[in-house]
């Protein structure tokens, strides 16, 4: 199936075909599963199984609310003041979170991705990070989305086309849900042993154990009781999952992370826009490195010239 956009009837008031702010809409299908991957930031706009939303959707003619579903590379989360040091030389990234004076979510947030391979149940997209302010490296990156039994598999690659080794970290920004359940009644579980403490600009000040704190989500907490924009480390997997949302009837949507993803960011908002008004939503973000990693050095992957790094994560629906 080729990339599609939705035509509209004359006079409907909906923008015409081809005007989506997220570019081409790549629709994947496999049995009762369906996903929509967009051209801009290779974002996951929609993912359903049996007609149930497992990620919080947004409209084809909308921009991604709160970075919904986008790919974060060559770093996830924030870099404090956009400043880091490379071999003794200060690097200044553009400040893409000006209110907090930080650089946030990498360099491909608004970049178009091109199609490398296309099938009914999968698509591989590619985009290049070119040398720019504060990041003097060139990376060829890809992301592959593939519908699998009871879920979605996502694989990222980065290849260093520079003459010098480059720091790289991956993250993604999916908002997980079980769409036929009141989100307040979902139970959030995060299998992680440490929590990242931050200042009022959400930059890290310490990493502490979660035992005995309000940030111990290993046994699960009701989503409606939580207000979070927090990171966790020491991520474990339980039944293959690093985190999950559980409905009162026992259904689960699980976040799967490979061994490269040892960090998770969780962000809640009560203002996610839907056709019926604003709703509670939660981004559960797999990350290979934490906030401000270019300065701390924590789990930054240094990629040699010509080498490729591959990482993977996924979503699983347990009925």
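As an exercise: evaluate residue 84 against (1) touching a helix residue (DSSP H, G or I) at 6+ places or on another chain (Cβ under 7 Å); (2) surrounded by fewer than 15 Cβ atoms within 10 Å (Cβ to Cβ) and give the number of the one condition it does not meet. Unmet for residue 84, out of (1) touching a helix residue (DSSP H, G or I) at 6+ places or on another chain (Cβ under 7 Å); (2) surrounded by fewer than 15 Cβ atoms within 10 Å (Cβ to Cβ): (2).
Selection over region 237-251 of residues that are within 16 Å of residue 315 (Cα to Cα), assigned to a loop (DSSP other than H, G, I, E, B) and touching a residue at least 40 places away in the same chain (Cβ under 8 Å) gives a count of 5.
Which members of region 39-69 meet the condition of being in a helix (DSSP H, G or I) and within 12 Å of the chain's Cα centre (by Cα)? Within region 39-69, 66, 67 qualify.
Reported count of residues in region 84-102, each being in a strand (DSSP E or B) and in contact (Cβ under 8 Å) with a residue 12 or more places away in the chain, is 7. Screening region 70-81 for residues that are over 11 Å from the mean Cα position of the chain (by Cα) and assigned to a loop (DSSP other than H, G, I, E, B) and picking the one that is surrounded by the most Cβ atoms within 10 Å (Cβ to Cβ) gives 75. When we screen 112, 65 for residues that are touching a residue at least 40 places away in the same chain (Cβ under 8 Å), within 19 Å of residue 157 (Cβ to Cβ) and in contact with a strand residue (DSSP E or B) (Cβ under 7 Å, 6 or more places away or on another chain), the only hit is 112.
A short reminder: the numbers here are calculations on the coordinates, not readings from a lab. Everything quoted here is computed from the prediction, not taken from an experiment. Quick reminder, even Gly has a Cβ in these numbers, built from the backbone with ideal geometry, and neighbours come from all protein chains shown.
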